[in-house]
Structures are given as C-alpha cells and as structure tokens.
Amino acid sequence: LNCPDVCAKMRTPDCHSVRIKPMQLSRRSIFISAVLFGAAPTLLAPLNAQAENSRFYLGARYASYSFDPDNAVSADDSTGYGVTGGMLMSQQVSMEFEYGNSGKADFTGSNGTIDSGKLQAQNLAVFGAYRTPGTIYLKLKAGISIHWLDAIDIQCSGRFCVNTLSEESGGLAYGLGLGALLGNRFRTELEYSAIDEDINLISLGILINL
C-alpha cells in the first residue's frame, strides 16, 4: 500500500509506504487443516448419495493468508474463507469462479508515519482448472484475479494520519493442490494459491456436485 498520493493531497511531507513480510503459517492452522483433510471421508460418508456425476459444483474453504506489499513491517497470521462455483468442461477440465476474504490481520510498522493497523484482502477470480484422474489427484489452476487490499484502523505517530488506505489490483493468478474424491458427490482439496504477487494463501476446501 503506497501512500504518497494521499499524503501529497494532505500536504504531508513525512510519508512512507507499507510492506508486509510473508507471514509464516501457524502450527495451529497446519494442524487443523491436516486433521480435517484426514477426517473428511468419515464425516461426509452419510451424506454421500449414489448420484450421477454433475457438471456443476459448489464449494467452501478455510484459508490462511500471507501478504507482501511495499516496505518492511511485521504482521500476524490472517485466517479467512472463500466460496467456489464451478462447471465441468470434461472429466478433468473445469471452469471455476471464486470469491475470497482474508479476514483482518494486525500489522506493525517501523521507521515511518504508520505505526500499526489491520490488513484485509478480498478477491474475485476466474480459473481454468485441471485435475489428474484418480481418487487421489493433483490439481493445477490458472486464471485472472481482481483484489482489493485495505489497511484499516491505522495508527500514526505523525501529525497527519488517514484511517484507511486502499489498493485495487488485478492480474494473473494460479494454484497447485492435492485432492481426494469422497464418493460420488463430495471431494476435498488442499491448495496453495497466489492471487497476486502481493497475496498468497493455503486453503482447505470441500466441494459438492449439484
């Protein structure tokens, strides 16, 4: 998040950009993802009806986000969510539409006007996805994402301060994942995704054929 334009309008001479170092995933997030991934077949077995394959599917995911905009500060882990809608183009290829929300992550600045605040990202993306054949499979996806990155509840040490800074951007997005079929209707997927050069996440999701 760069603020020179904001500060210029406010005639504020002391202005620095904010850069968030990539966040390390917490042990708690990794443990929860691993447990849910392993337990998913047992938890969903009663719901797994013997239905024919559908072209359309919906999904939801739990995600751990990391950020990397301009100049160095520290940030806490951020946990968020996402929803997915997809359409099969063939047995292995599909088109997916995603919305993601990172939730709020505390950050602390250094050697600048901005002392602390919270980060939040939202994105809309369209992907082409390929899944390898098999009950356990690999997933590759690539597409375009538009995201909104906000720094909110900003605390400043200088005389002039703004409460919110926002950035809108878009570009290439991609991901790599490991998935498992859970009968005819359900599947679970563990993914790494980069929705921009500044934002990436690891997510665990459940998909259901309609």
**Q.** Built amide H within the under 5 Å cut-off of residue 182, gap 5+
**A.** 187, 188
Q. Non-local amide H neighbours of residue 103 (under 5 Å, H modeled in plane, Pro and chain starts lacking H): which ones?
A. 81, 121
Q) Which FRET efficiency, nearest 0.05, do residue 162 and residue 74 yield, Cβ-Cβ r, R0 25 Å? A) 0.75
Q. Label residue 99 and residue 136 with points 7 Å out from Cα along Cα→Cβ: what is the distance between them in nm?
A. 3.5 nm
Q. How big is segment 114-210 in terms of Cα radius of gyration and Dmax, in angstroms?
A. 18.1, 61
Q: Would you kindly derive the ³J(HN,Hα) couplings of segment 126-143 from the backbone phi angles with the Karplus curve 6.51 cos²θ - 1.76 cosθ + 1.60 (θ = phi - 60°), listing them in order in whole Hz, with x for Gly and Pro?
A: 10, 10, x, 10, 10, 10, 6, x, x, 5, 9, 9, 9, 10, 10, 9, 8, x
Q | List 89, 95, ordered by accessible area with a 1.4 Å probe, largest first | A | 89, 95
Q: Tabulate in residue order the Karplus-calculated ³J(HN,Hα) for segment 204-210, using 6.51 cos²θ - 1.76 cosθ + 1.60 with θ = phi - 60°, rounded to whole Hz; enter x for Gly and Pro.
A: 10, x, 10, 10, 10, 6, 8
Q) What is the set of long-range amide H partners of residue 173 at a cut-off below 5 Å, with H atoms built 1.01 Å from backbone N? A) 143, 144, 145
Q: Provide the gained length on full extension for the span residue 169 to residue 210, in nm with one decimal, where the gain is 0.36 nm per separating residue minus the Cα-Cα distance.
A: 11.5 nm
Q. From the backbone phi of segment 178-190, what are the Karplus-calculated ³J(HN,Hα) couplings (6.51 cos²θ - 1.76 cosθ + 1.60, θ = phi - 60°) in whole Hz, Gly and Pro given as x?
A. 10, x, 9, 6, 10, x, 8, 10, 10, 8, 10, 9, 10
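The values are calculated or read from the model by the stated rules, or taken from the named source; none is laboratory data. Worth saying up front: this structure is predicted, and the values here are computed from it rather than measured. For neighbour counting, all protein chains shown are included, and Cβ atoms are generated from backbone atoms with ideal geometry for every residue, glycine included. Quick note on the areas: whole protein, heavy atoms, side chains included, nothing else; ligands and nucleic acids left out. Shrake-Rupley method; radii C 1.70, N 1.55, O 1.52, S 1.80 Å.
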